[in-house]
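Structure record follows, encoded as structure tokens.
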Amino acid sequence: MSATPPHRIPFLDLHPAEDASAVREAVERVMARGWFVLGPEVEAFEVEFAAASGARFAAGVGNGTDAIALALRALDVGGTDEVIVPAMTAAYTALAILGAGATPVIVDVDAETLTMDPAACRAAVTSRTRAVVPVHLYGQAARMDEILAIAERHGLAVVEDCCQAHLSTIAGTPVGSRATAGAFSFYPTKNLGALGDGGAVITRDGSLAARVKRLRNGGQTERYRHLEAGVNSRLDEIQAAVLRARLPYLARWTMRRREIAALYRRLLPATLQTIHQRDDGHVYHLFPVRSTARDALQAHLAAHGVETLIHYPVPLHEQPALARYASHPCQEAARAGRELLSLPNHPRLADADAARVAEAVGAFERGRVPA
Ligand SMILES: *Cc1c(COP(=O)(O)O)cnc(C)c1O
């Protein structure tokens with residue numbers, strides 16, 4: 001028998017690969033131009049990303065958190081306003097609401113998709129509610145029809161957190177394009193990632209896009225004239241150029257994520273719970289499974305060289321910084337936080353490695369449930 005242990009399967013691989021020469025060229029183009037903030041690369045990326053996302057306008061900003069915060073500020077949400085947010089998401093979704101000066105109201109998620117539970121959202125609406133921030137978690141669209149209906153009924157703005165959902169659709173419509181605005185992150189691990197931080201707001205409202213562009217640049221209307229107290233949150237030229245170089249690959253990378261997800265769904269043991277896929281618009285930013293023996297499963301996979309992560313172990317209503325904003329106990333998010341485990345799923349993961357992951361999961365499940 002061979003003593004060589006099987007190679008490690010990392011959760012992610014962020015090294016540029018097939019895109020490496022395009023990325024290098026993009027960086028060099030910006031260096032040669034000698035212009036690094038708010039220039040032609042950002043302008044061109046805004047046009048290209050809006051087109052790819054089914055929106056009319058895009059505004060590049062410093063990161064996804066600021067994209068959410070600036071979209072809310074551009075809608076004049078702040079002060080005593082309440083903004084409804086789901087409990088299972090990156091804490092940054094709620095931190096962005098606080099960053100805009102508003103109060104997050106944390107509601108539970110539905111047990112099947114772990115996206116915002118529309119009934120919980122409806123129950124949380126008060127006279128102070130101004131906006132809803134649904135999250136397209138793991139790459140799957142939230143229940144937008146129901147959420148948009150609630151928003152319309154109560155006159156609320158909807159800012160979609162699309163940070164995990166580049167190119168994701170629901171019934172064929174791109175996320176971020178139906179609501180008031182969509183917020184994207186280009187953090188390196190996202191489906192479209194920069195070589196650092198980046199973000200964008202998309203919208204079909206030209207005046208909203210213009211307001212975000214003003215806010216990201218200190219609130220200036222023209223140089224050294226500050227109309228309102230904005231922030232410094234600009235997508236820089238190098239990151240915009242890198243994102244332009246990568247955007248043409250995104251559809252193919254997305255297809256690859258879907259292929260791996262389909263492979264997992266076929267090969268994983270039936271005893272293991274996966275997250276329900278509502279339609280084929282899912283872009284599989286992550287592929288979490290659920291297990292009541294999650295920590296043991298994670299240790300078993302680590303022992304077999306498979307790196308996994310948890311998204312997210314601590315739901316918002318259990319975060320010390322955010323617990324006071326919970327509108328109710330959020331039991332589904334709490335249970336998910338104890339059971340979730342994300343398996344490796346990225347465009348460069350080989351079929352053979354995905355099969356090895358599934359097999360290691362299968363061995364664990366067989367050990368748990370004696371035949
Ligand atoms: C990554 C992420 C954010 C924050 O984006 P940053 O670019 O890191 O600020 C917000 N919401 C969700 C769901 C995310 O995945």
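The values are calculated or read from the model by the stated rules, or taken from the named source; none is laboratory data. All of these numbers come straight from a predicted model, not from anything done at the bench. Here the Cβ positions follow ideal geometry from the backbone for every residue, glycine too, while neighbour counts run over all protein chains shown. Just so you know, the surface numbers come from the protein's heavy atoms only, side chains and all, with ligands and any DNA or RNA stripped out. Shrake-Rupley method; radii C 1.70, N 1.55, O 1.52, S 1.80 Å.
For the range 225-232, check the following and say yes or no: at least one residue is among the polar types (S, T, N, Q) and either over 30 Å from Ala20 (Cα atoms) or open to solvent by less than 40 Å² (accessible area, probe 1.4 Å) (or both). Checked against the condition, which is being among the polar types (S, T, N, Q) and either over 30 Å from Ala20 (Cα atoms) or open to solvent by less than 40 Å² (accessible area, probe 1.4 Å) (or both), the range 225-232 yields no hits at all.
Within the range 129-138, restricting attention to residues that are assigned to a loop (DSSP other than H, G, I, E, B) and of a type outside the set (A, V, I, L, M, F, W, C), which residue is nearest to Ala179 (Cα to Cα)?
Quick first cut of the range 129-138, residues assigned to a loop (DSSP other than H, G, I, E, B) only: 133-134, 136.
Those left that are additionally of a type outside the set (A, V, I, L, M, F, W, C): 134, 136.
Numbers: Pro134: 10, His136: 13 Å.
The qualifying residue nearest to Ala179 (Cα to Cα) is Pro134.
Answer yes or no: is there a residue in the range 321-330 that is of a type outside the set (D, E, K, R), touching an Asp or Glu at 6+ places or on another chain (Cβ under 8 Å) and open to solvent by less than 50 Å² (accessible area, probe 1.4 Å). Scanning the range 321-330, I find at least one residue that is of a type outside the set (D, E, K, R), touching an Asp or Glu at 6+ places or on another chain (Cβ under 8 Å) and open to solvent by less than 50 Å² (accessible area, probe 1.4 Å), so the answer is yes. The lone criterion from (1) buried (at least 24 other Cβ atoms within 10 Å of the Cβ); (2) in contact with a helix residue (DSSP H, G or I) (Cβ under 6 Å, 6 or more places away or on another chain); (3) in a loop (DSSP other than H, G, I, E, B) left unmet by Leu167 is number (1). Could you check the range 195-217 and list, in sequence order, the residues that are closer than 17 Å to Ala165 by Cβ and part of a loop (DSSP other than H, G, I, E, B)? Passing the criteria: only Gly198.
Select, from Arg356, Arg335, the only residue that is assigned to a helix (DSSP H, G or I), within 19 Å of Asp117 (Cβ to Cβ) and open to solvent by 30 Å² or more (accessible area, probe 1.4 Å). Step through it out loud before you land on a result.
Numbers: Arg356 fails: within 19 Å of Asp117 (Cβ to Cβ).
Exactly one residue qualifies, and that residue is Arg335.
Taking the numbered list (1) farther than 22 Å from Ala336 by Cα; (2) in contact (Cβ under 8 Å) with a residue 40 or more places away in the chain; (3) in contact with a helix residue (DSSP H, G or I) (Cβ under 6 Å, 6 or more places away or on another chain); (4) away from the ligand (no atom under 16 Å from the Cβ) in turn, Ala181 passes all entries but (4).
In the condition set (1) hydrophobic (A, V, I, L, M, F, W, C); (2) away from the ligand (no atom under 16 Å from the Cβ); (3) touching a helix residue (DSSP H, G or I) at 6+ places or on another chain (Cβ under 9 Å), Val61 is compliant with all but (2).
Say we look at the range 261-299 and pick out the residues that are within 21 Å of Arg335 (Cβ to Cβ), of a type outside the set (D, E, K, R) and in a helix (DSSP H, G or I); which of these is least open to solvent (accessible area, probe 1.4 Å)? Even if it seems obvious, please write down each step before you answer.
First, pick out the residues of the range 261-299 that are within 21 Å of Arg335 (Cβ to Cβ): 268-278, 286-299.
Subset that is of a type outside the set (D, E, K, R): 268-277, 286-289, 291-293, 296-299.
Retained after the next criterion (residues that are in a helix (DSSP H, G or I)): 296-299.
On the way: Ala296: 53, Leu297: 1, Gln298: 49, Ala299: 61 Å².
Residue satisfying both the conditions and the ranking: Leu297.
From the list Glu318, Glu339, Glu359, Glu307, the one residue that fits, being touching a helix residue (DSSP H, G or I) at 6+ places or on another chain (Cβ under 6 Å), in contact (Cβ under 8 Å) with a residue 12 or more places away in the chain and of a type in the set (Asp, Glu), is Glu339. Condition check: open to solvent by less than 50 Å² (accessible area, probe 1.4 Å) and within 24 Å of the chain's Cα centre (by Cα). Does Leu12 satisfy that? In short, no. Evaluating Val306 against the criteria (1) aliphatic (A, V, I, L, M); (2) open to solvent by 20 Å² or more (accessible area, probe 1.4 Å); (3) under 25 Å from Pro6 (Cα atoms) leaves one unmet condition, (2). Regarding Ala141, is this residue in a loop (DSSP other than H, G, I, E, B), in contact with a Ser or Thr (Cβ under 7 Å, 6 or more places away or on another chain) and within 16 Å of the ligand (Cβ to nearest atom)? Taking the combined requirement at face value, the residue satisfies it.
Here is a yes/no grid of residues against (1) modelled with pLDDT of 95 or more; (2) within 20 Å of the chain's Cα centre (by Cα); (3) within 16 Å of the ligand (Cβ to nearest atom); (4) under 21 Å from Pro134 (Cα atoms):
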position	(1), (2), (3), (4)
Ala171	no, yes, no, yes
Asn191	yes, yes, yes, yes
Ser207	yes, no, no, no
Tyr224	no, no, no, no
Leu235	yes, yes, yes, no
Pro248	yes, yes, no, no
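The one condition from (1) open to solvent by 60 Å² or more (accessible area, probe 1.4 Å); (2) in contact (Cβ under 8 Å) with a residue 12 or more places away in the chain; (3) on the phi > 0 side of the Ramachandran plot that Asp76 does not meet is (2). Considering the range 79-128 alone, what residues qualify as being part of a strand (DSSP E or B) and open to solvent by 10 Å² or more (accessible area, probe 1.4 Å)? Across the range 79-128, the qualifying residues are Glu82, Thr103, Val105.
Here are Ala123, Ala131, Ala151: which of them is among the aliphatic types (A, V, I, L, M), closer than 19 Å to Leu70 by Cβ and in contact (Cβ under 8 Å) with a residue 12 or more places away in the chain?
Details: Ala123 fails: closer than 19 Å to Leu70 by Cβ; Ala151 fails: closer than 19 Å to Leu70 by Cβ.
Selected residue: Ala131, the only one of Ala123, Ala131, Ala151 that is among the aliphatic types (A, V, I, L, M), closer than 19 Å to Leu70 by Cβ and in contact (Cβ under 8 Å) with a residue 12 or more places away in the chain.
When the range 144-164 is filtered for residues that are part of a loop (DSSP other than H, G, I, E, B), within 16 Å of the ligand (Cβ to nearest atom) and of a type outside the set (A, V, I, L, M, F, W, C), only Gln164 remains. Residues of the range 69-88 that are of a type in the set (Val, Ile, Thr) and touching a Phe, Trp or Tyr at 6+ places or on another chain (Cβ under 7 Å): none at all.
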